[in-house]
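The values are calculated or read from the model by the stated rules, or taken from the named source; none is laboratory data. Just so it is clear, the model here is predicted, and its values are computed rather than measured. Every residue, glycine as well, gets a Cβ built from its backbone with ideal geometry; the counts of neighbours run over all protein chains shown.
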Amino acid sequence: MEYLTENIEIDSGEAMWTYLNIPFLYAQPGFETEEIASIQADGETWRRLKVTFPDSVRSHTRTQISCFGHDGLLRRHDYTVDILSGAQALNYAYDYRTFGGIVFPVTRRVVAYEGDYVPVMDPILVDIQIGDINLS
């Protein structure tokens with residue numbers, strides 16, 4: 001059990017790094033991106049970007065999907081979690097604030113999904129609240 005705990009701690013740091021760096025991360029060398037069909041969600045049309053991470057970048061899984069609203073801001077980040085036997089996750093991004101001229105979502109809520117990205121809103125699996133970001 002100790003081994004699993006250590007892996008989760010390492011992966012949670014990598015996860016936060018990914019969350020804070022989307023979409024800038026996708027412009028780095030080795031990332032492959034493809035726009036896929038838009039979806040209707042929360043009364044909006046969300047454009048979707050399928051992203052394949054290079055082997056050199058550790059993350060939940062190699063292929064992930066980011067959903068963006070009409071304003072270009074991330075609404076949701078969809079992925080599976082390889083270390084949890086492919087558990088499915090929808091990571092919602094809310095409450096945008098500006099730090100150092102860059103806009104970040106300061107609330108993230110992760111829920112499971114079933115079927116064709118149908119959210120299972122209860123229970124909330126991860127709830128992240130960011131109070132401040134220092135970019136210096």
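If you take the residues of segment 35-57 that are among the small types (Gly, Ala, Ser) and closer than 24 Å to ALA15 by Cβ, which of them is nearest to the chain's Cα centre (by Cα)?
Per the criteria, the residue is ALA41.
Look at segment 87-136 and say how many of its residues are assigned to a loop (DSSP other than H, G, I, E, B) and surrounded by 14 or more Cβ atoms within 10 Å (Cβ to Cβ).
Count: 3.
Which of the residues that make up segment 40-68 are in a loop (DSSP other than H, G, I, E, B), out of contact with any helix residue (DSSP H, G or I) (no Cβ under 6 Å at 6 or more places or on another chain) and free of Cβ contacts under 8 Å to residues at least 40 places away in the same chain?
We begin by selecting, within segment 40-68, every residue in a loop (DSSP other than H, G, I, E, B); these are 42-43, 53-62.
Subset that is out of contact with any helix residue (DSSP H, G or I) (no Cβ under 6 Å at 6 or more places or on another chain): 42-43, 53-57, 60, 62.
If the condition is that a residue be in a loop (DSSP other than H, G, I, E, B), out of contact with any helix residue (DSSP H, G or I) (no Cβ under 6 Å at 6 or more places or on another chain) and free of Cβ contacts under 8 Å to residues at least 40 places away in the same chain, then ASP42, GLY43, PHE53, PRO54, ASP55, SER56, VAL57, ARG62 are the ones that fit.
Quick one: how many residues across segment 45-81 are of a type in the set (Asp, Glu) and modelled with pLDDT under 95?
1
Restricting attention to segment 69-80, and to residues there that are in a strand (DSSP E or B) and in contact (Cβ under 8 Å) with a residue 24 or more places away in the chain, which single residue is surrounded by the fewest Cβ atoms within 10 Å (Cβ to Cβ)?
Only one residue tops the list, namely ASP78.
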